[in-house]
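Quick notes on the structure that follows.
The values are calculated or read from the model by the stated rules, or taken from the named source; none is laboratory data. From a predicted model like this one, the values you see are computed outputs, not experimental measurements. Glycine gets a Cβ as well: all are built from the backbone with ideal geometry, and neighbour counts include every protein chain shown. Side chains are part of the model used for accessible areas, which takes the heavy atoms of the whole protein and leaves out ligands, DNA and RNA. Shrake-Rupley method; radii C 1.70, N 1.55, O 1.52, S 1.80 Å.
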Amino acid sequence: MNRLHKASVLVALVVAVAITSGCSGKSMQASSLLEQGRYAEAATAYAAVTAENPSDWRSGVRQGYALYRKGDYAAARAVLMPLTEDWRADEYARFWAGIAAIAARDGDAARAAWTGWTTDRMEVLRVVRQRVNLLQADELALGPQSAELYAREAAQANALEEMKRDRDRFRSGMDRGDVPDPALPPSPIEYLP
């Protein structure tokens, strides 16, 4: 009986590893497509990953981002808004759903997406919170170019936040030398999980 139990646990473990490794491989392929700027293919690939593993919220957010980049703003919002109910995805899903709504010139949908948006990334919060306040006061410019500008501002703030975190890590280790040159402006990093 004990051997049978051990064998069934081993089989379950092997199956779990096989499923997980398959999902991560597909997710890596989707990420590669995203990095290459092949947004339509990346969105399809992330949709397949999410279909296989519905709890993979990162793939859901990235699928919405790929749809936004593709220019399908309604589809991006349709993917992202349900993710706002997951506390792990909420921050990123709300941000990109708001950006997609701004690109589509839908102020009401942008306000709905950005209501309650928050982050612990101080640089990103500083930049995006200003945009949220302008949106709430109906003073935020809408349209694809504006959305792209706001996304770039968030990416720049995200890079600055990463640079500060790296500097803090360096200070705790002083001899690692992995801190970027503070004289160089940080390269933008898309605000994604």
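Identify the residue in segment 117-143 that is open to solvent by 50 Å² or more (accessible area, probe 1.4 Å) and in contact (Cβ under 8 Å) with a residue 24 or more places away in the chain and, among all such residues, is nearest to the chain's Cα centre (by Cα).
T118
Going through segment 24-55 one residue at a time, which ones are assigned to a helix (DSSP H, G or I) and open to solvent by 70 Å² or more (accessible area, probe 1.4 Å)?
The answer is K26, M28, Q29, E35, E41, T44, A51, E52.
Among the residues of segment 144-170, which ones are closer than 16 Å to R69 by Cβ and surrounded by fewer than 20 Cβ atoms within 10 Å (Cβ to Cβ)?
P144, Q145, S146, E148, L149, R152, A155
Please go through segment 83-116 and pick out each residue that is open to solvent by 10 Å² or more (accessible area, probe 1.4 Å) and not in a helix (DSSP H, G or I).
Of everything in segment 83-116, those that are open to solvent by 10 Å² or more (accessible area, probe 1.4 Å) and not in a helix (DSSP H, G or I) turn out to be T84, E85, D86, W87, R88, A104, R105, D106, T115, G116.
Restricting attention to segment 61-82, report how many residues are closer than 22 Å to V132 by Cβ and under 11 Å from the mean Cα position of the chain (by Cα).
4
Based on this model, can you work out whether V61 counts as part of a helix (DSSP H, G or I) and either without any contact (Cβ under 8 Å) to a residue 60 or more places away in the chain or open to solvent by 50 Å² or more (accessible area, probe 1.4 Å) (or both)?
no
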